[in-house]
Structure formats: C-alpha cells, structure tokens
Amino acid sequence: MREIVIISGKGGTGKTSLTAAFAALAKNSVFCDADVDAADLHLLMQPKVVQRADFMGGCKAVISPDICTSCGTCRELCRFDAINEQFQVDTIRCEGCGVCVDFCPAQAIQFPVQRCGEWYISNTRFGPMVHARLGIAEENSGKLVSLVRKEARQLAEKKGADLIITDGPPGIGCPVIASIGGATVLVIVVEPTVSGIHDMERVVDLAAHFKVPGMVCVNKFDLNVEMTETIEQLAQERNMAALGRVSFDPAFTRSMVEGKTLFEYGKPTATWQQVRDIWTHIINSPSMNTLGIVDLKSTIQ
C-alpha cells in the first residue's frame with residue numbers, strides 16, 4: 001500500500017489546497033486528514049459521515065472528596081498548580097502526568113481516561129476519507145494521527161485502493177512524526193520566503209532522520225523567483241526532487257470559498273497544468289515505483 005503524505009514546515013503554505021487538488025486528480029484512492037489539531041480538508045471534500053467513534057486519549061486526575069484527607073501532598077507535588085485549596089482539580093491546568101495519583105497516601109485520586117475527540121469514516125465525491133476532530137485544548141494529537149492513519153490503511157485494504165493521500169500537519173512536532181512513519185513518500189510544500197526555507201530545512205532533517213523519501217513543491221513561486229531557485233537548489237543538495245512550481249493564483253482562494261477544489265472552479269488555467277504536472281511527477285517518481293507497481297493508470301485521472 002502506497003501512501004503520499006503532504007506536509008509543510010508551517011501552516012498556511014497551501015498544503016491542504018494542494019491535497020484537495022490531488023484528490024480531484026486521483027482515482028481508486030483513500031484520503032486521510034492527519035492534521036487533527038486544525039483539520040480543514042473536510043471543508044473542501046465535504047464528507048458525509050458513515051461511521052464515527054470516540055477518541056479516548058490522555059488521563060486527568062480526579063480527587064474523591066470522601067477519601068481525601070486534605071494532607072496537601074498532591075498540591076506540593078503538582079508542578080502545574082492544578083489542585084486548588086479545596087483539593088479540586090483544574091482540568092485545564094492538569095497535564096495528566098499522574099504524580100499526584102502515585103504519591104497520594106490515601107489513594108484518593110483516580111486517573112480515568114478522557115474522551116478527547118472523535119474520528120470518522122466518510123464518503124466524499126472523490127472517494128472514502130478518514131478524518132478526526134480533536135477537542136479544544138486536548139492533547140495526544142500524535143496518538144490520534146496514528147489512529148486515523150491506521151484506519152485509512154485498513155479502509156484502503158478493504159476497498160482495494162491503490163493509494164492513500166494524507167494531508168499531514170505542519171511543523172516538526174509529535175503529530176508530524178506520527179504522520180510520516182511508514183509513508184511511501186513525503187511532499188513538502190514550501191513558500192519562497194526566508195522563513196519558508198528555514199521551515200523546509202527542519203522538515204527535510206526530520207524526513208532524513210526517519211529515512212522517508214521526500215520531494216519539494218514550491219507554492220506561490222512567482223512571488224519571489226530568486227528565492228524559489230534557492231529552494232530548488234537546496235532540495236537538490238539534500239537529494240530531494242524538486243517537483244515543480246505552482247503560481248500564486250487567486251482561483252485557489254475563490255475555490256476554497258465555494259468549498260471546491262481548484263479543478264472544480266472556473267475555467268482551465270496555467271495553474272491547472274502546473275498542479276497536474278506535479279501530480280504526475282509524484283506518481284511516476286522512483287520512490288513510488290520501488291514497490292514494483294508497473295501500471296499506475298488506475299491512480300491517475
């Protein structure tokens with residue numbers, strides 16, 4: 001099973017817009033939104049939920065007033081000041097470390113697993129999709145990312161799909177690490193700015209550490225052609241293919257406002273062809289063909 005994960009060093013680079021555009025070009029694929037902290041692929045895919053389930057994540061301390069002796073041990077040990085003078089736990093401050101549970105002499109503190117969000121299996125006009133919604137201020141997003149990717153893989157195997165296209169989270173933190181492990185290839189979306197280069201280098205280092213092949217796509221390249229050339233040169237130096245360039249096109253924004261992909265909005269433009277060429281380069285890349293799959297027509301529209 002091949003999986004393309006689209007990531008970026010920061011939010012707002014156009015990662016989700018390109019993911020949705022790839023979805024419009026792909027055939028026989030399953031889609032996965034692994035950006036669970038700020039999921040928005042559903043805004044363009046307009047999924048119809050067919051299955052939903054609770055996501056049980058971290059734990060929060062709960063003090064039983066009938067057992068508590070008010071000895072103060074928990075308040076002394078809590079580094080997050082999550083327990084007040086009435087020995088009640090502030091669930092926002094509680095980080096779920098469990099120190100108070102382990103050291104309470106009266107064993108008056110419980111540590112139940114919390115419901116942190118939901119995950120879904122849905123149908124879209126392009127194919128099945130697995131996505132999730134993390135609760136406000138909830139943690140364990142890396143665990144939820146692993147869950148939605150696992151469900152997407154199982155769904156792809158069940159449906160006989162050739163490919164999983166995953167919209168990954170931005171940055172280099174735990175959710176990103178959870179989204180790239182075992183991926184066939186990473187598509188790193190970069191903006192032609194100084195900070196864009198810095199963010200790209202961090203993601204490239206992360207991909208190299210986990211030995212996942214990566215490719216670079218420059219979005220809004222015409223805003224700074226000189227910086228775009230620097231990014232492509234850096235990608236070459238780091239043994240990553242430069243997939244191509246996408247112009248700054250207001251059609252992307254207008255299509256998002258209407259809940260559509262680029263290819264569903266307006267008339268064909270030069271940007272259409274740029275995205276098509278990038279998609280073809282991804283599918284025909286050596287990293288995608290290492291699995292010995294010769295006929296890729298079932299995955300390209």
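Structure values in brief
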quantity	calculated
Matching entry among 180, 197 (being farther than 26 Å from residue 25 by Cα and touching a helix residue (DSSP H, G or I) at 6+ places or on another chain (Cβ under 7 Å))	197
Test: residue in the stretch 32-46 that is surrounded by fewer than 14 Cβ atoms within 10 Å (Cβ to Cβ) and farther than 30 Å from residue 179 by Cα	no
Flag if residue 207 is at pLDDT below 95, in a strand (DSSP E or B) and under 23 Å from the mean Cα position of the chain (by Cα)	no
Residue satisfying condition, being modelled with pLDDT under 95, farther than 21 Å from residue 3 by Cβ and hydrophobic (A, V, I, L, M, F, W, C), within set 256, 240, 288	256
Residues of the stretch 145-179 classified as touching an Asp or Glu at 6+ places or on another chain (Cβ under 9 Å) and among the aliphatic types (A, V, I, L, M), total	8
Candidate set: the stretch 127-141, residues that are touching a Gly at 6+ places or on another chain (Cβ under 7 Å) and of a type outside the set (D, E, K, R); chosen: the one nearest to residue 43 (Cα to Cα)	132
Residue within the stretch 212-227 that is assigned to a loop (DSSP other than H, G, I, E, B) and within 20 Å of the chain's Cα centre (by Cα) present	yes
Wholly within the stretch 86-174, strands (runs of 3 or more DSSP E) carrying at least 1 residues that are surrounded by fewer than 15 Cβ atoms within 10 Å (Cβ to Cβ)	113-124
Residue in the stretch 238-247 that is in contact (Cβ under 8 Å) with a residue 60 or more places away in the chain, under 20 Å from residue 280 (Cβ atoms), of a type in the set (Val, Ile, Thr) and in a loop (DSSP other than H, G, I, E, B) present	no
Residues of the stretch 63-85 classified as within 30 Å of residue 146 (Cα to Cα) and surrounded by fewer than 16 Cβ atoms within 10 Å (Cβ to Cβ), total	2
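The values are calculated or read from the model by the stated rules, or taken from the named source; none is laboratory data. Predicted, not measured: the structure shown is a model, and the values here were computed from it. We place every Cβ from the backbone using ideal geometry, glycine too, and count neighbours over all the protein chains shown.
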